[in-house]
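J.: For reference, the structure I am asking about is given below.
The values are calculated or read from the model by the stated rules, or taken from the named source; none is laboratory data. Quantities reported herein were computed from a predicted structural model and do not represent experimental measurements. Backbone-built Cβ (ideal geometry, glycine too); neighbour counts: all protein chains shown. Only protein heavy atoms, including side chains, enter the accessible area calculation; ligands, DNA and RNA are left aside. Shrake-Rupley method; radii C 1.70, N 1.55, O 1.52, S 1.80 Å.
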Amino acid sequence: QECSKKQKNDDTQSTSVDALSSNDGSEEKNEFDTLANAKILLSDCLACDSCMTLEEGARVFQQNQKEFFRILNLNKKCDTSKHKVLAVSICPQSLPYFAAKFNLSVNEAAKRLCGFLKSLGVHYVFDTTIAADFSILESQREFVQRYQRRNQEEHALPMFASACPGWIRYAERVLTNLVTSHICTAKSPQQIMGSLVKGYFARQQNLSPDKIFHVVVAPCYDKKLEALREDFYTALYNSPEVDCVLTSGEIVQIMEQKNVSMKDVNEVAVDSLFDDLKEGDVVRHDGKRSDGYLEHIFKHAAKELFGMDVKEITYKALKNKDFQEVTLEKDGETVLRFAAAYGFRNIQNMVLKLKKGKFLYHFVEVLACPGGCLNGKGQAQTEDGKPDRALLAQMEEVYTALPVRLPETNLHVQKMYQDWLEGMDSKKVQDTLHTTYSAVNQSTSSLDIKW
């Protein structure tokens, strides 16, 4: 309602609206009672199309620090039957924020963040890079399959990346089946991590999934909405794959509330999903601001479809730096044409071309945030809501300095495909690592919104 009002009044001011609270007032007070409630920022909205229901508003409210501390405080009580195992998974694009903000290396930031979270009462702290490995591998395979059946299947190509929940929500709520049938079915790294923690890890630890409270630290607020999707829910155990999402900025707010600096915290090695192993140094995927779906899928497709080894990718900027393309030439012909489209101005232009039948691309890495995941509004913003360009530049510098690890070289992933997922082509792979996207009926079409 506020969103529609904003559209009618053409109000350009950034207004924030408290999401509905499901708190009945009985929650006990603690030292974190002054933490801010989760908010929906109208300046962050993807489209003025009534995309938030009242129920979603109430559930988003629970995606905040107070819910996190409610579980922490519950664990301090004597009734162990109500205790939860707290697991926190950290997105790779969040770590450069902590490194840049506190003038640390990314490896130091990861260990100090782990130390801080464990000092609060968290039991396990994981790196979600392994989940991104799975997501990229499944996206690579799906693209090759779509390309091979492009002449038989109308909606096989183009294929759009599925890792960004802001883009997915916009596609489902506004763009309808024109776009949703083209979206890659591979789950995002966040939700694959949910499957790993509530599935694989729970089984390894002999725990029921509902006994684990799984928190994800992410760069953006849209991840909170993604965690609420009904298809990311284990009905048998009445348990979502991700119970709570906190942005990087919300973690810093907790530190400030406790008057703790990252430099004051002991370094603790990040946990691994495998037995008692600990994670080594932080690695990243190809891609300077995201998980690098474009680069990984491009190189894989070049090899699988055309027998060409691509070592370096050359980007060609088009209308702006957030809309770039990459092409593969063979025998004087362009055989692959990929694009990266970041931010909703570029996304809208891309969709209008698709609607008019003038779309040339085989694959597009779509991200809602201009500048990519590092520029998520949950971390790279100043107090007045503007992009912190100096901090973002530092984040990009420390992120691109990390070593790249190809998903294909992760031996743990290969072993899990065989031991846990029953082979790469199994039904369990489809059930665990994939989902479906479809249009949600809305009252109006918003293709003509002026951004």
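J.: Enter the accessible area per residue of the stretch 121-223 (Å², integer; probe 1.4 Å; all protein chains in place).
T.: Accessible area per residue, the stretch 121-223: 27 Å².
J.: Rolling a 1.4 angstrom probe over the protein chains, ignoring ligands and nucleic acids, what is the accessible area of Ser426 in square angstrom, nearest 10?
T.: 20
J.: Compute the distance from the alpha-carbon center of the stretch 173-195 to that of the stretch 281-333, in whole Å.
T.: Computed from Cα coordinates, the inter-centre distance equals 21 Å.
J.: Restricting to lysine pairs 8 or more places apart or on different chains, what number in the stretch 282-327 have Cα atoms under 21 Å apart?
T.: Eligible lysine pairs with Cα atoms under 21 Å apart amount to 8.
J.: Using a 1.4 angstrom probe on the protein heavy atoms only, could you order His155, His182 from most to least accessible area?
T.: Ranked from most to least accessible, the order is His155, His182.
J.: Over the stretch 238-357, how many percent of alpha carbon pairs lie in each 10 Å bin up to the one with the longest distance?
T.: Final binned percentages: 9, 23, 27, 23, 15, 3, 0.
J.: Can I ask one more? In terms of the ratio Rg/(2.2 N^0.38 Å) built on C-alpha atoms, what value belongs to the stretch 63-126?
T.: Ratio of Cα Rg to 2.2 N^0.38 Å: 1.27.
J.: Per the Kirkwood treatment, what hydrodynamic radius in Å, one decimal, follows for the stretch 199-304 from the mean inverse distance over all distinct Cα pairs?
T.: The Cα-based Kirkwood calculation yields 17.2 Å.
J.: Residues of the stretch 252-279 with backbone nitrogen within less than 19 Å of a virtual label 7 Å along the Cα-to-Cβ line of Ser119, please, listed as ranges.
T.: Within reach of a label on Ser119: 252-271.
J.: Another question, if that's okay. Tell me, what is a quarter of the convex hull surface for the C-alpha atoms of the stretch 114-246, in nm² with one decimal?
T.: About 9.2 nm², averaged over all directions.
J.: Return the distance in nm (one decimal) between the two label points of a simple spin-label model at Lys356 and Tyr237, each offset 7 Å from Cα along Cα→Cβ.
T.: Between Lys356 and Tyr237, the simple spin-label model gives 5.0 nm.
J.: Which value in nm describes the separation of the simple spin-label points at Glu408 and Leu207, placed 7 Å from the Cα toward the beta carbon?
T.: Those two pseudo-labels are separated by 3.5 nm.
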